[in-house]
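Read the structure below first, then the notes.
The values are calculated or read from the model by the stated rules, or taken from the named source; none is laboratory data. This is a predicted model, so every value here is computed, not measured. Neighbour counts are summed over all protein chains in view; Cβ atoms, including those assigned to glycine, are modelled from backbone coordinates with ideal geometry.
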Amino acid sequence: MRFLPRCLFPVLLVVAIAVAQSDQAPGPPSSSARNTAQDLTAEQKSKVERLAKLQKHFGKDMNSPGVELSLKETNRSRSGDRTLVTYSLYAVGLSPDTAYTLIQVQLDGTMAKVMEGVTLNSKGEAICAGREGTCKGDGPNDPIDLVVYAGKGEPKRFGLVSDDEHVKGFVAVVPFPNAKSDKGCRLESILGSPNGELTFIQGDGFEPNAELTVDGESYSEKHHDKGAAQADGSYFSALLPYVTGKKSGKTTIEVKSKSCDPKLTFEWGTYHLE
């Protein structure tokens, strides 16, 4: 059954994000981000921190023990001004005898109910079984096709949650990634807000706990910062890339270690469907 998440209904959902006390803040922001952050209210700063934590830990860190979700791309097609990308949803560690609610997590962190009564077949694929208490598709045990469209670097986040909210799993995908690699290290920009007012920079493949130098440039403004990779070789930071007097632009970010030097450019202030 093809399903295009379009008209979504907000629902209240408590999601516990497991964050160790030693978990660091989301990486040092660039100098331009710090300057912009000074103009934010306490409420706005709190929202940026919340969205950064959500992005950094989305998926396995939020799942119930033993639960893992995955998305498998099955089709891409052009429709008007956008590309439609179709995914099948799979789960490990969820009971096939339980009905779940399929939810989508928006860029602003709100949860939206997509479909109730979702179950799993023997392969762990999300389906509409068509029996009492489950969703109905085009026929019995109809696989659910999630059809999405997005801009460059825009994440699509989904979850399956039991009715009592005690069992849950989450997964995200970026249909049109903005990423660069160098010598085994990868850097990617992720939209944190529709027009990139907030942009996340994620990296992996760095040496564990490696010292990093972070250089950024927007228009003629250049900034230099220090950072560090995590124990697993990952890197994360949240940027507010706006430049005074400019409504849109491009920012180039370079994260350098002793062994690699990935560098990428992302746009902010505008939004375009791919």
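With the requirement that a residue be surrounded by 13 or more Cβ atoms within 10 Å (Cβ to Cβ) and in contact with a helix residue (DSSP H, G or I) (Cβ under 8 Å, 6 or more places away or on another chain), what does the stretch 205-230 give you?
G216, S218, E221, H223, D225 - these are the residues of the stretch 205-230 that are surrounded by 13 or more Cβ atoms within 10 Å (Cβ to Cβ) and in contact with a helix residue (DSSP H, G or I) (Cβ under 8 Å, 6 or more places away or on another chain).
Quick one: which residue in L84, L54 is assigned to a strand (DSSP E or B) and out of contact with any Leu (no Cβ under 6 Å at 6 or more places or on another chain)?
Details: L54 fails: assigned to a strand (DSSP E or B).
Of the residues listed, the single one that is assigned to a strand (DSSP E or B) and out of contact with any Leu (no Cβ under 6 Å at 6 or more places or on another chain) is L84.
Exactly one of (1) closer than 20 Å to L84 by Cβ; (2) basic (K, R); (3) over 24 Å from the mean Cα position of the chain (by Cα) is unmet by K152. Its number?
(3)
Is there a residue in the stretch 79-86 that is surrounded by 15 or more Cβ atoms within 10 Å (Cβ to Cβ), more than 24 Å from V147 (Cβ to Cβ) and not basic (K, R)?
Checking the stretch 79-86: not a single residue is surrounded by 15 or more Cβ atoms within 10 Å (Cβ to Cβ), more than 24 Å from V147 (Cβ to Cβ) and not basic (K, R).
Going through the stretch 231-251 one residue at a time, which ones are in contact with a helix residue (DSSP H, G or I) (Cβ under 6 Å, 6 or more places away or on another chain), at pLDDT 90 or above and aromatic (F, W, Y)?
Residue satisfying the conditions is F236 alone.
Can you pull out the strands (runs of 3 or more DSSP E) entirely within the stretch 215-274 that have at least 1 residues that are more than 14 Å from N178 (Cβ to Cβ)? Steps first, answer last, please.
Numbers: elements: 221-228, 235-239, 249-256, 263-268.
Counting at least 1 such residues, we get 221-228, 235-239, 249-256.
Residues are listed down the side, and each one gets a yes or a no for (1) within 23 Å of the chain's Cα centre (by Cα); (2) farther than 18 Å from G153 by Cβ:
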{"residue": "S218", "(1), (2)": "no, no"}
{"residue": "H224", "(1), (2)": "no, yes"}
{"residue": "Q230", "(1), (2)": "yes, yes"}
{"residue": "Y235", "(1), (2)": "yes, no"}
{"residue": "K250", "(1), (2)": "yes, no"}
{"residue": "E274", "(1), (2)": "yes, no"}
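Could you tell me whether any residue of the stretch 194-204 is surrounded by fewer than 23 Cβ atoms within 10 Å (Cβ to Cβ), assigned to a strand (DSSP E or B) and in contact with a His (Cβ under 7 Å, 6 or more places away or on another chain)?
Checked against the condition, which is being surrounded by fewer than 23 Cβ atoms within 10 Å (Cβ to Cβ), assigned to a strand (DSSP E or B) and in contact with a His (Cβ under 7 Å, 6 or more places away or on another chain), the stretch 194-204 yields no hits at all.
I'd like to know if the stretch 194-207 contains one or more residues that are of a type in the set (V, I, T), modelled with pLDDT of 95 or more and closer than 19 Å to G93 by Cβ.
no
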